[in-house]
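See below for the structure under consideration.
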Amino acid sequence: SSLGKLEVRGPDAARFLNRMYINNVETLKTGRVRYGMMLNENGVIIDDGVFARLEDDFFLVSASSAGTAEIAIAFEEWLQTEWPQMEVIIHNATTQWATLTVSGPDSRRVINSLLTAPDLSADSFPHMSAMEGELGDIPFRLLRVSFTGEMSFELSVPAGYALAAWQALLQAGEPFNITPLGMEALDILRAEKGFLEVGVDTDISTSPLDVGWAVPISKKTADFIGKRSLSRSHDMLTERLQLVGLRPKDNDKFIPVGSHVIKHPDQRPEGHITSSCISPTLGYSIAMAMLKSGHARSGETVVIDVDKQHFEAKVVPLGFYDPKGARINA
């Protein structure tokens, strides 16, 4: 439950966050959620997550667990030193709320058996929706977001009720064979969907252009932190390392994290593997890699170097499983 929970309130909350995120915050409607990415002044990705507009002047920002403290400090620094005229209050509520995620094709039925009042149907509460409510006298927040690629709900309750909520969800899920979801399983699920993890699939030089965000950025006319840096010639080079998917041509081969990607066995590395797993769903190994000019190389065959042993892999689009998101939007 260490997932970051930053509360941003005030008349200028939307305008403030619009400068912090590369995404358009001001167009987000109340009760809706949007995926967001944050950069430093050099245009390098420093964090990602979702932000929800719970009220017109109240946003809930979910920073990454590892980056919450740094993002909270960055918010305060920019607000206090650069935009002190903005009417915004930032509160780090991470330790005040416990968040439990229910994921899978029966997740709606499990949540509905616990929260009987809200209409959680796909039409009334679609993917990337948010609400607040009360379960008896206990306040809750519910976000329909997913890092697994399956239909998922993030239920947040005051931290003191975490164990009770956990036990209630396990009991409600018994008819659906509910089971705890571990971190390794979560990492496999997000890799199957091609969801990047900041600090794993990115490093201190990775820009949003390198991970396929050129089009969304081009649609935002307002200024944001790091925007100027993205227009530098170095950041716009097509030869930069770019995030792609890889699949071995031999289904029995496994692509280890950290392996070099080369074009031919006698050439220098052109990239490296950032995430990898054997997908139990697909039945073969999949990987995500930073590859030189990767976005223009879909369908190309490359060579994976594993301890001087070589085998071929194909460059494929990210999103190995359910690429159109039918399961996540069910």
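The values are calculated or read from the model by the stated rules, or taken from the named source; none is laboratory data. Not measured: the values here are computed from a predicted model. Ideal geometry is used to build each Cβ from the backbone, glycine not excepted, and the neighbour counts take in all protein chains shown. Quick note on the areas: whole protein, heavy atoms, side chains included, nothing else; ligands and nucleic acids left out. Shrake-Rupley method; radii C 1.70, N 1.55, O 1.52, S 1.80 Å.
Take Thr81, Thr94 and sort them by solvent-accessible surface of the protein heavy atoms, 1.4 Å probe, largest at the top. Spell out each step's value before the answer.
Working: Thr81 90, Thr94 20 Å².
From most exposed to least exposed: Thr81, Thr94.
According to the square roots a ≥ b ≥ c of the eigenvalues of the Cα gyration tensor, what is the shape class of segment 1-102, taking rounded for a/c under 1.5, prolate for a/b larger than b/c otherwise, and oblate for the remainder? Could the numbers behind the result be given before it?
Values: a/c = 1.36, a/b = 1.15, b/c = 1.18.
Rounded is the answer for segment 1-102, as its axis ratio a/c remains below 1.5.
For the chain, what does the alpha-carbon gyration tensor say about shape, rounded, prolate or oblate, given a ≥ b ≥ c as the root eigenvalues, a/c under 1.5 as rounded, and a/b over b/c as prolate?
Values: a/c = 2.27, a/b = 1.27, b/c = 1.79.
It comes out oblate by the Cα gyration axes.
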Tell me, what ³J(HN,Hα) does each residue in segment 216-232 have, in order and in whole Hz, if you take phi through Karplus 6.51 cos²θ - 1.76 cosθ + 1.60 with θ = phi - 60° and put x for Gly and Pro? x, 5, 5, 8, 9, 8, 6, 6, 8, 4, x, 4, 4, 5, 5, 8, 5
Please give, to one decimal in nm, the separation of the simple spin-label points placed at Glu132 and Asn329, each 7 Å out from Cα toward the Cβ. 3.0 nm
Taking the Cα centre of the chain as the origin, how large is its charge dipole in debye, to the nearest 20, when only Lys and Arg (+1) and Asp and Glu (-1) carry charge on their Cβ atoms? 880 debye
Expressed in square angstrom to the nearest 10, the accessible area of Lys227 with a 1.4 Å probe stands at 60 Å²
Cut-off under 15 Å on the C-alpha distance; same-chain residues fewer than 8 positions from Lys314 excluded. Which aspartates and glutamates are left, in chain and number order? Asp250, Asp252, Glu270, Glu300, Asp305
Under a 1.4 Å probe, what is the accessible area of segment 1-63 per residue, stated in Å²? 34 Å²
Heavy atoms of Phe311 accessible to a 1.4 Å probe, total area in Å² rounded to 10: 30 Å²
Can you spot the aspartates and glutamates whose alpha carbon is less than 12 Å from Lys193's alpha carbon? Ignore those fewer than 8 places along the same chain. Glu150, Asp322
Segment 71-116 and segment 235-270: distance between their alpha carbon centers, rounded to Å: 36 Å
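Using a 1.4 angstrom probe on heavy atoms only, work out the carbon and sulfur share of the accessible area of segment 151-302 in %.
Working: 4390 of 7920 Å².
That share works out to 55 percent.
Residues with beta-carbon under 12 Å from that of Ile22, excluding Ile22: net charge, scoring Lys, Arg +1 and Asp, Glu -1?
Values: positive: Arg19, Arg34, Lys219, Lys220, Lys227; negative: Asp47, Asp48, Asp223.
Around Ile22, the surrounding residues sum to +2.
Going down the table (Lys220/Lys253; Lys219/Lys263; Lys5/Lys249; Lys5/Lys324), which pairs top 31 Å between alpha carbons? Before the final figure, lay out the partial values.
Values: Lys220/Lys253 42 Å; Lys219/Lys263 35 Å; Lys5/Lys249 42 Å; Lys5/Lys324 29 Å.
Exceeds cut-off: Lys220/Lys253; Lys219/Lys263; Lys5/Lys249.
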Potential extension, Arg232-Gln267 segment - 0.36 nm per residue separation minus Cα distance: 9.7 nm
Determine ³J(HN,Hα), in whole Hz, for all residues of segment 260-271 in sequence, where each value follows from phi through the Karplus function 6.51 cos²θ - 1.76 cosθ + 1.60 and θ = phi - 60°; x replaces Gly and Pro. 7, 10, 10, 8, 9, x, 9, 10, 6, x, 10, x
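Determine the calculated [θ] at 222 nm for the chain from helices alone, applying -39500 (n - 2.57) to every DSSP H run no shorter than 4 residues and normalising by the residue count; nearest 500 deg cm²/dmol.
Only helices count here, giving -5000 deg cm²/dmol.
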In nm, spacing of pseudo-spin labels at Glu82 and Ser65 (7 Å Cα→C-beta vector): 2.9 nm
Can you give the accessible area per residue of segment 223-330, in Å², using a 1.4 Å probe? 54 Å²
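Grab the other residues whose beta carbon is less than 15 angstrom from that of Val302, score K and R as +1, D and E as -1, and report the net. Intermediate results must be reported in sequence, preceding the final value.
Numbers: positive: Arg247, Lys249, Lys253, Lys263, Arg268, Lys292, Arg297, Lys314; negative: Asp250, Asp266, Glu270, Glu300, Asp305, Glu312.
Net local charge, Val302 excluded: +2.
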I'd like the distance between the alpha-carbon centres of segment 143-191 and segment 1-52, rounded to an integer number of Å. 24 Å
Given a Förster distance of 30 Å, the FRET efficiency implied by the Cβ-Cβ spacing of Leu163 and Asn40, rounded to the nearest 0.05, works out to 0.20
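What is the local net charge at Val110, summed over the other residues whose Cβ is closer than 14 Å to its Cβ (Lys, Arg +1; Asp, Glu -1)?
Numbers: positive: Arg108, Arg109, Arg144; negative: Asp106, Glu150, Glu154, Glu174.
Neighbour charge sum, excluding Val110 itself: -1.
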Expected field for Glu154, accessible surface area in Å² at 1.4 Å probe radius, rounded to 10, holds 40 Å²
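Can you sort Val257, Val306, Val33 by 1.4 Å-probe accessible area, starting with the largest? Walk me through the numbers on the way to the answer.
Working: Val257 90, Val306 35, Val33 10 Å².
Ranking Val257, Val306, Val33 by accessible area, largest first, yields Val257, Val306, Val33.
Could you rank Tyr321, Tyr284 by how accessible they are, 1.4 Å probe, largest area first?
Numbers: Tyr321 60, Tyr284 35 Å².
Ranking Tyr321, Tyr284 by accessible area, largest first, yields Tyr321, Tyr284.
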Per the rule of 0.36 nm per residue minus the C-alpha distance, extending Ser218 to Asp250 adds in nm 7.7 nm
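Answer rounded, prolate or oblate for segment 90-191, using the Cα gyration tensor with square roots of eigenvalues a ≥ b ≥ c: rounded when a/c is under 1.5, else prolate when a/b is larger than b/c, else oblate.
Numbers: a/c = 1.27, a/b = 1.16, b/c = 1.09.
Note, shape of segment 90-191 comes out rounded.
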